[in-house]
Amino acid sequence: MVVALGPVGADLAVAAPAEDRSDADPRSAWLERLRSVVASSGLAPDPQANLVVHCPVDDWGFRPYYSDGRCPLCGYIPEGEIRTLTRQAVDWFWPAVGLTALMSVIMGVLVVLAYLRA
Ligand SMILES: [Zn+2]
């Protein structure tokens, strides 16, 4: 596949002329709108994802959010309630199986109806 590319930044100059960028700063307004949409949708990352815990056993800093709540080197478990990525993950296997089975039944019914009416 061949993709023809124009000069670098040519489309940007068409989309936002230089005099427009200095006035309203549409990027920051767009970023604020995106942040508000993400915050209101519940898709914002967990604030504990950036929590760094110091392991006293091996003098190692780690993020328990990504290491199942334990030090990845020695298994040290820090005190307090720490959420992890795996505990918040939703298992979509059975809903996906149910949806696939439901769609199969619907498609089967549609095929039978189309066959009987033809
Ligand atoms: Zn450790």
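Collect the residues in the range 40-73 that are within 16 Å of the ligand (Cβ to nearest atom) and of a type in the set (D, E, K, R), keeping them in residue-number order.
ASP58, ASP59, ARG63, ASP68, ARG70
Do we find that ALA49 is aliphatic (A, V, I, L, M), at pLDDT 75 or above and within 30 Å of PRO78 (Cα to Cα) in this structure?
yes
Go through the range 25-62 and give me each residue that's over 21 Å from VAL90 (Cβ atoms) and charged (D, E, K, R).
Hits for the range 25-62 are ASP25, ARG27, GLU32, ARG33, ARG35, ASP58, ASP59.
The values are calculated or read from the model by the stated rules, or taken from the named source; none is laboratory data. Being a predicted model, the structure only gives us computed values, none of them experimental. Virtual Cβ from ideal backbone geometry, glycine too; neighbours counted across all protein chains shown.
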